[in-house]
1. Could you run the Debye sum over the Cα atoms of region 383-463, one equal point scatterer each and no solvent, and tell me log10 of I(q)/I(0) at q = 0.12, 0.16, 0.19 Å⁻¹, two decimals?
2. Measuring from label point to label point, each 7 Å out along Cα→Cβ, what is the residue 59 to residue 243 span in nm?
3. Using r as the Cβ-Cβ distance of residue 347 and residue 146, and R0 as 60 Å, what FRET efficiency do you calculate, to the nearest 0.05?
4. Just report the Cα centroid separation between region 35-54 and region 181-210, whole Å.
5. For the chain, what is the calculated [θ] at 222 nm in deg cm²/dmol (nearest 500), taking -39500 (n - 2.57) for each run of four or more DSSP H residues and dividing by its residue count?
6. Would you give the gap between the C-alpha center of region 297-342 and the C-alpha center of region 134-156, rounded to a whole Å?
7. Mind jotting down the distance between the C-alpha centroids of region 239-279 and region 460-507, whole Å?
8. Remind me, relative contact order of the chain in percent, using alpha carbon pairs under 8 angstrom and six or more residues apart?
């Protein structure tokens, strides 16, 4: 793959070098044609110059003709400049091509510069991994490392794959992933992401994801594929160009034929006006500036730790009315602490209740399950669990050494005809029953993220009309979180299918975004107009989402919305100005007030102005 990419790059470099050489030679011949006195030699020089400078434009126009899709800027430029040569306006015709090429060159440079910024932002791939095999350390490709392998990461090295620290404490620079400049302190049992840079001491990690499942691979893939998903605005511009081009060609023909009949001008003058009209009408400024703006918006977001999978999602995000949030792991830390054990049984101690719950929850990827296990300071003997079944949105049923243990919320207890005792405790209540006997419950509480408070205030300032909390938690817990964050609505005690119904109802009247992180959020993320996942959430949520916040900071959403709104504003600004300038100069050229020189400068000038305007997206 890398070798083929190198060949492609070399081929592109050779092609660019040839184009520069031929264009330079064309410019020299253009100068010869202007300064020599011999009319025959001048004409030959002009014709050769015309062919050398414009060969790529003519070739592209010819290809489009054979594909029956000829109505683009190449076709317009070919007709206009060829007409100028036929009417012996050699200097104007060649100057049009030359200035057009200069404009195209500057436009390409702007796009390349934007791409380089994005590539720099995602230059996070480690070229090698230090694989620990017994007492030896081997240097291997990250793609050859397997889940469960142990890697040594030295000071200054990039983390090649996602994993859990098993030895050492260190500091990680995660700015390329999250946009945060402050380093992060990590130690044993902490999960770390590939693409981070180890700026502290040497550590060892146990790999938890292979290369294709790693954060680095997903980020690079998302960025590379983002430009393939066009926004509605881009699609409209493409459709507009296909309708607009034949119309202006028809108008140019009418100017050439009708104006000599209606006005006191010669046929030659009317043809020249028509050719000038065609030069002005070139839609290249529109065709280039709109996708470039969205491309820069995606790049600007990636620098801030927000991955947007396509310009269409950036477009939709700028118009969102309501944002719906999952609670656990999204607005809260998702790290529950066991605050209380309520034991109604004489058979089991508090420690045994916690052990049974941990044995059940050990096989689950749910945030609450992970938090319970992390709270347990003893080793979990997985061999005790003979059978295990997780029931989405309810809990777990497990066979632990032939004891049937049911752990979860009230719903799972009701489904199994187990009568529970009411609790007035505020928090997440995890009930436990063993062999159909109700044993008691534990109370767990989660802390709201500091960033969540800032997020809600910022969203109101950005004009988001409604913030809504959707959670499977009890009403008391949900209301408490919603009130503290000053959210507009809250729905509690929800199963995944309940969330889907609510999203479907709200979508009928409003443009909505949904922010979540868990496996259960996958269907809802897919249903929303824009689905947003937390970067350290479940693989299903990340794969389903349209936008990924690359760390656990929900406040990144504010940056994403600001970039989306700024991008959309600049796109509208560019379209308005470009069309206004085009209309003015089309009228001026039709009535002979504007010459071809002014037409070219207007066309190239407005293209460059729109590109410079796009660059402002980076300065949010």
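1. -0.49, -0.68, -0.82
2. In this crude label model, residue 59 to residue 243 measures out at 3.4 nm.
3. Values: r = 44 Å, r/R0 = 0.73.
Once the sixth-power term is evaluated, E becomes 0.85.
4. Here the two parts' Cα centres lie 65 Å apart.
5. Details: 20 runs with 326 residues, N = 620.
Mean residue ellipticity, 222 nm, calculated: -17500 deg cm²/dmol.
6. 32 Å
7. 59 Å
8. Values: 1147 pairs, mean separation 85.7, N = 620.
Here the relative contact order equals 14 percent.
All of the numbers you see were taken from the coordinates with simple rules; none came from a lab. All of these numbers come straight from a predicted model, not from anything done at the bench. Because the Cβ atoms are built from the backbone with ideal geometry, glycine has one as well, and the counts that use them run over all protein chains shown.
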